[in-house]
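The values are calculated or read from the model by the stated rules, or taken from the named source; none is laboratory data. Just so it is clear, the model here is predicted, and its values are computed rather than measured. Every residue, glycine as well, gets a Cβ built from its backbone with ideal geometry; the counts of neighbours run over all protein chains shown. Accessible surface areas use protein heavy atoms only, side chains included; no ligands, DNA or RNA. Shrake-Rupley method; radii C 1.70, N 1.55, O 1.52, S 1.80 Å.
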Amino acid sequence: MTSYPVEVPDNSPVFGGTTSAFARFGHAAAIRSHGHLFISGQIGRRPDGVPGETVEEQTEIAIRRIEEILRLENLDLSALVDVTSYHVDIRQNMPGFLAAKQRLVKAPYPAWTIIGASGLASPELLVEIQATAAYPDAAAR
């Protein structure tokens with residue numbers, strides 16, 4: 001099986017100084033394999049490492065980070081086929097999450113699983129989003 005890591009450049013305006021977390025936690029931002037792009041869970045930290053103040057802001061940041069990884073592979077959000085999001089205080093935070101999601105993710109929609117969680121890697125984080133995208137058939141790798 002052939003797979004290739006996708007690396008986010010250190011000077012990324014979307015990720016900023018947060019790219020060091022990939023090495024610190026021992027994972028790639030994404031892996032390209034068999035015509036799919038598997039994107040690691042993205043969180044709502046701004047480029048300076050500070051988390052967004054609301055679940056809506058954190059969701060927007062996480063989706064923008066996914067969008068940036070897709071851009072590095074010449075894809076966009078329409079390439080998403082499967083998404084899983086993890087939510088702290090899911091009932092309280094769902095309206096803000098949905099507001100950002102509906103503003104940024106347009107049809108055709110990917111499959112999406114929403115899971116409540118008691119916590120994420122840091123106590124200030126409210127949402128984490130992992131995704132899988134498919135390359136167009138002509139460009140399958």
Practice item. In whole Hz, with x marking every Gly and Pro, tabulate ³J(HN,Hα) for region 19-33 from phi via Karplus 6.51 cos²θ - 1.76 cosθ + 1.60, θ = phi - 60°. Key: 5, 5, 5, 4, 5, 4, 9, x, 8, 8, 4, 6, 10, 9, 7
Exercise for review: Round to the nearest 0.05 the FRET efficiency obtained for L98 and V50 when R0 = 30 Å and r is the Cβ-Cβ distance.
Suggested key: 0.80
Study note, to complete from the structure: Per residue, accessible area of region 1-81 with a 1.4 Å probe, heavy atoms of protein chains only, in Å², comes to 50
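Given a 1.4 Å probe and every protein chain left where it sits, what share in percent of the accessible area of the chain is carbon and sulfur?
With neighbouring chains kept in place, the figure for the chain is 53 percent.
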Review point. To the nearest 0.05, what FRET efficiency results for D82 and S20 with a Förster distance of 41 Å applied to their C-beta separation?
Key: 0.90
Check your understanding: How large, in Å, is region 22-141 by the Kirkwood hydrodynamic radius built from its alpha-carbon pairs?
Key -> 14.6
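If exposed GluC sites (Glu not before Pro) are those in a DSSP loop with at most 15 other Cβ within 10 Å, what is the longest stretch of the chain that has none?
Longest gap between qualifying sites, sites excluded: 54-123.
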Point to revise | Heavy-atom accessible area per residue - region 88-128, 1.4 Å, Å² | key: 61
Study note, to complete from the structure: Computed, not fitted: 222 nm per-residue ellipticity of the chain from DSSP H runs ≥ 4 (each -39500 (n - 2.57)), nearest 500, equal to -9000 deg cm²/dmol
Exercise for review: Note down the relative contact order for region 1-139 as a percent, whole number, built from C-alpha pairs under 8 angstrom at least six residues apart.
Suggested key: 29
